[in-house]
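Encoded as structure tokens, the structure appears first; notes follow it.
Laboratory data are not the source of any read-out in this text; all were calculated from the coordinates shown. Predicted model, so just to flag it, every value in this text is computed and none were measured. Cβ atoms come from the backbone with ideal geometry, glycine included; neighbour counts cover every protein chain shown.
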Amino acid sequence: MDSNVSYFIRLSSDFHIMFIKEDGTLWGFGENSDGQLGLDDYEKRNVLTKINEENNWIHVSCGYNYTIAIKKDGTLWTWGNNRSGQLGLGDYENRKKPVMVDNSNDWLYASAGSNHSVAIKKDGSLWVCGDNRAGQLGLLDNNNRNVFTRVDNYLWEYVSAGWMYNIGIKKGNTLWAWGNNLAGQLGFGDNQDKNEPIRIGMDDSWLYVSAGGYHSAAIKSDGTLWCWGNNEYGQLGTGNKKNKDEPVQIGKDNNWETVSAGINHTAAIKSDGTLWCWGNNEYGQLGTGNKKNKDEPVQIGKDNDWKFVSAGNNHTVAIKYDGSMWVWGDIFNGKLTN
């Protein structure tokens, strides 16, 4: 547990964690086989480690053995695995320390998927690079890109990169998806991959979305929670294990504030500050005190001061309003001390 964390963006779908403290410093721990921690080496870290002495980081996201981050000056930085060109540096060489992508200083948000990256600039334009086997770059083909390439001419609010697919919200609060659709995680009522962004339904009230392994979760402006895709472990929270290829409302509550779809489990926070988890619990990643899977949202403890949560591979990380960070599940035998 760390008492000085203020801003944590995303866990890896693999085995490393990165976060930013309130002083703008970047920290991480876990696996480092491809240099994904950015420490200029390939040694695993079992304790929280400061990445460098810079204190101007504002955003970070972890993918499969790589990391993407943004500094306060709007520059975009990537490091780690680059076998599919997901670092956007114009080649396929791994990097073991942060490298600036280009000379642009207008990057606003970035999300790292399995082996592809998506990023939004301050003007709302969407840019992608990396693996494109399932059309997850949205460029109407299946060719990889090793430089960030603009997707379309529309303006985007937010995009979440999952395992070979993306879910995004455009200006106007419409929901769009593309890429791998093996379990119906795109939400179109079928299982066909899509190589361009396609709108999901006609609603224009989507507020937040999270792409996981093969399932998706989203919250509407009315506070309702919706999930779809793979449900093998009950990660949709529908009370059964049937896959859903279209968004389905979870329960009747309308006070959901944020949600995170992991590989096979889901975590969310309500507006009252309570934390809820469901899905696969093989490694205790739900935090229920046992290892039984849950096919409906279950409140974790009685605390009501949770601010942020991120579901990873077989682990979960959450932050309270006092800035303390909490982890559970498979955390790679690491210890959150520094």
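In terms of modelled amide H atoms, which long-range or inter-chain residues lie less than 5 Å from the amide H of residue 137?
HN-HN under 5 Å from residue 137: empty list.
So what is the orientation-averaged projected area of the chain, using the convex hull of its C-alpha atoms, in nm²? Don't skip to the answer; put the middle values down first.
Details: hull surface 59.3 nm².
With the hull built on Cα positions only, its mean projection is 14.8 nm².
Rounded if a/c is under 1.5, else prolate if a/b beats b/c, else oblate: with a ≥ b ≥ c from the C-alpha gyration tensor eigenvalues square-rooted, which is segment 72-202?
In terms of gyration-tensor shape, oblate.
Please list 3J(HN,Hα) in residue order for segment 284-295, calculated via the Karplus relation 6.51 cos²θ - 1.76 cosθ + 1.60 where θ = phi - 60°; whole Hz, with x for glycine and proline.
Once θ is set to phi - 60°, the couplings for segment 284-295 become x, 5, 7, x, 8, x, 9, 10, 8, 5, 10, 9 Hz.
Output ³J(HN,Hα) for segment 198-213: one whole-Hz value per residue in order, computed from phi by the Karplus curve 6.51 cos²θ - 1.76 cosθ + 1.60 with θ = phi - 60°, and x for Gly and Pro.
Along segment 198-213, the couplings run 10, 6, 9, x, 10, 5, 10, 10, 7, 10, 8, 8, 9, 9, x, x Hz.
What residues have an amide H closer than 5 Å to that of residue 207, excluding those fewer than 5 places away on the same chain, when H is modeled at 1.01 Å from N in the peptide plane?
219, 220, 221
Using label points projected 7 Å from each Cα along Cα→Cβ, tell me how many nm separate residue 299 and residue 43, to one decimal.
The two pseudo-label positions are separated by 4.6 nm.
Is the shape of segment 206-338 rounded, prolate or oblate, going by the alpha carbon gyration tensor and its root eigenvalues a ≥ b ≥ c, with a/c under 1.5 for rounded and a/b larger than b/c for prolate? Each step should come with its number before you reach the end.
Working: a/c = 1.79, a/b = 1.23, b/c = 1.45.
It comes out oblate by the Cα gyration axes.
Which shape class applies to segment 30-98: rounded if a/c is under 1.5, otherwise prolate when a/b exceeds b/c and oblate if not, where a ≥ b ≥ c are the square roots of the Cα gyration tensor eigenvalues?
On the way: a/c = 1.91, a/b = 1.02, b/c = 1.87.
Since a/c reaches 1.5 but b/c is at least a/b, the shape of segment 30-98 is classed as oblate.
If I build a Gaussian network model for the chain, linking alpha-carbon pairs within less than 10 angstrom, which residue out of 241, 252, 307 has the largest mean-square fluctuation?
252
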